[in-house]
Amino acid sequence: MFEIKAKDMRGRVGVLKTKHGNVKTPALMPVIHPRKQAIDVKKYGADIVITNAYLIYKDDDLKQKAIDEGLHKLINFDGPIMTDSGSFQLSVYGDVDITNEEVIKFQDLIKSDIGTSLDIPTAPFVDRQKAEEDLKITLERAKEAVKIKKENDIGMLLNSVVQGSTFMDLRQKCAAELSQLDADLYPIGAVVPLMESYHYKELVDVVMNSMMCLPDNTPRHLMGAGHPMIFALAVAMGCDLFDSAAYILYAEDDRLLSTRGTFKLENLQEMPCSCEVCSKYTPDDLRAMPKEKRRDLIAQHNLHVSFAELRLIRQAIYEGSLMELVEERCRAHPALLDGVRQLANYSEDMEKYDPRSKKSAFFYTGPESLGRSEVLRHQRKLLEMPKKRDLVILPPSRKPYSKFISGHLGEFYIYGAEQEFDMENTDFMVLDVPFGLIPLEIDELYPLSQSAAPRIRDVDSTEFITNFMSDFIENYEQVLIHSKVIKDLDIGLYNKSIESDEIKYVRDDLKKIKAIADYQFGVGAGEALFKGNIKIEKSKKTGKIRHIYDGKVLIVNMRASDSYLVLSKEGARRLHKALPYPKNRVVVNEDSEPFALEGKSVFSKFVIECDENIRTRDEVLIVNEADELLAYGKSLLSAVEINNFQTGQAIKTRKGFKK
Ligand code: GUN
Ligand code: ZN
């Protein structure tokens, strides 16, 4: 019932399928009041709405009508409807007069598309005992709900809400236990107080700790999140659904939502956007209106900006620029900046999800960008690469650096043992923000060249790359640091300078493709792939490497967009022989073996095991349990997702090895 179409960070564009139609996610579900709804939210972009089953249950008229005619008639909405269970009322009034079983059955009876069990929204910062007691009940009720659904053959989709207050181990425990159930959607609950009090740092902790223990192939809903300024950050963490009464509550209070925060009508000199309302009326017009009309118009504006933001977010996911959007949005408020800074503490986890390459370039928008998973990924990879005896560190040029750096290089400062320069024994790297050191051979790989940072550096990033360099050069005998690098970093450590005609860089295509292969597939891949009578064919137009042959046999192609190598049959064979199991492999079960051999795509559920380093868009080998090569292809998912998903394609197979 949930299909993922595109991914960036932990964010996804997906389709949620319900009996009343499909919903494109990330989606916002406006809260519909069953009695006093004035706005036709569908007209303003809502594909799905949420309403409160408990309020209907408590009102005899509404209840009867809902039972007789169904929920969709009752609230006059023919698309998918999610219902909440009264948990919110429970958290406000301390009690509700409905049981978990009753509310599940009632939601199904009135034909809700997605129902919710009666979880206990434990407030943030309560004492531990309270959080544990509440959580016990929440978990019992979630289990009971699933049981009721099964026993009564209920077709309604089911929400199992993650609670646990601000205790991260409890959030994890709750999410992990709920994952064992057959629930359909996983909302993250009791976050409204965090958002209302601008505790975005804690919000990030709560969401990430929940998210890390939830299945990847089900939608997650950030309950009660309705302010558009939080959407991008929440989506980057993996949230697919939002619900909001904010559009109407803020409107009742004469407040206009925007991605930059909230505007009070009383302070407005100018209308803040270009929606129908903002184009047609002035702030004075609105102020002069009767309360109800004004409220409805402001609510329209609020819905407009909320849906516009979600469209922008989905577009950013398609492009691979979600984090740039998050960084931009989080500059709207220092507390949001805390959120994005806190997110950097999860880059280890984020890296497991983030696609290897993206359509759009990596933009350094400020020190927060240093915490991105792309930076971690590159630096980690670099530490795995074999090192030569000496290292030359160069200042950045235009990108790709390797295209613009060659020949004699100028004045250097020596660090370490002084010895004669020998190009064969020397690594050449550029020191730049934000990736630190970039070997010239691999600099065309995404995102190393497909990135941009301001030319005027900030203190944080300068310190960051300096620290990285200081650690990295430890393992070299002699390090030659270009005088411009010393000047840019303002470091006076290296006081012996030399200018030598000897120190030069000569481009070498064979070295380059071997280094790319080692970086992409693992050390040793380059030697194994590119042996024999290697011929490198370049594009006549761009001069870039396109195809690499051994004699007449194609080994790999080089993808123009990100410079990663794409395997041919021979390339796959060579890689398979060279790399030890399970490196770069996806292991499929016996049943799917004939399909793989024929070149059919691999579905997640047939994968027994895979290399944990596989990321979206990687080239992978498809093997059986005996490690016989069946096929090869491009991964559509990362390793954690392949292991987690029970439906859908994992690998788009390029070719099978059927005899
Ligand atoms: N609405 C806002 N927060 C919550 C929550 O924690 N649980 C439920 N069921 N509904 C909510
Ligand atoms: Zn507007």
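The values are calculated or read from the model by the stated rules, or taken from the named source; none is laboratory data. The structure presented is a predicted model; accordingly, all values stated were derived computationally and were not measured. Neighbour counts are summed over all protein chains in view; Cβ atoms, including those assigned to glycine, are modelled from backbone coordinates with ideal geometry.
Some points to look at:
- Contacts under 8 angstrom Cβ, first residue in region 109-125 being on the phi > 0 side of the Ramachandran plot and touching a residue at least 12 places away in the same chain (Cβ under 8 Å), partner within 10 Å of ligand 1 (Cβ to nearest atom) and aromatic (Phe, Trp, Tyr), 6 or more apart: none
- Residue within region 63-71 that is touching a Ser or Thr at 6+ places or on another chain (Cβ under 9 Å), buried (at least 19 other Cβ atoms within 10 Å of the Cβ) and at pLDDT 95 or above present: yes
- Number of positions in region 178-209 that are more than 15 Å from ligand 1 (Cβ to nearest atom) and touching a Lys or Arg at 6+ places or on another chain (Cβ under 7 Å): 2
- Count of region 142-157 residues which are surrounded by fewer than 23 Cβ atoms within 10 Å (Cβ to Cβ) and closer than 28 Å to residue 202 by Cβ: 1
- Scanning region 529-548 for residues that are surrounded by 14 or more Cβ atoms within 10 Å (Cβ to Cβ), more than 34 Å from the chain's Cα centre (by Cα) and closer than 16 Å to residue 516 by Cβ yields 530, 534, 536.
- Scanning region 283-295 for residues that are surrounded by fewer than 18 Cβ atoms within 10 Å (Cβ to Cβ) and either farther than 15 Å from residue 256 by Cα or touching a residue at least 40 places away in the same chain (Cβ under 8 Å) (or both) yields 288, 289, 290, 292.
- Cβ-Cβ under 6 Å pairs, at least 6 apart or on other chains, region 5-21 side under 18 Å from residue 362 (Cα atoms), far side part of a loop (DSSP other than H, G, I, E, B) and of a type in the set (Ser, Thr, Tyr): 10/353
- Scanning region 90-101 finds no residues that are touching a residue at least 40 places away in the same chain (Cβ under 8 Å) and surrounded by 24 or more Cβ atoms within 10 Å (Cβ to Cβ).
- Output for region 630-649, where each listed residue is in a strand (DSSP E or B) and modelled with pLDDT of 95 or more: 630, 631, 632, 633, 634, 635
- Filtered residues of region 196-216 (kept if over 15 Å from the mean Cα position of the chain (by Cα), among the hydrophobic types (A, V, I, L, M, F, W, C) and within 15 Å of residue 342 (Cα to Cα)): 203, 206
- Test: residue 74 is crowded, with 18+ Cβ neighbours inside 10 Å, more than 12 Å from ligand 1 (Cβ to nearest atom), in contact (Cβ under 8 Å) with a residue 12 or more places away in the chain and over 35 Å from the mean Cα position of the chain (by Cα): yes
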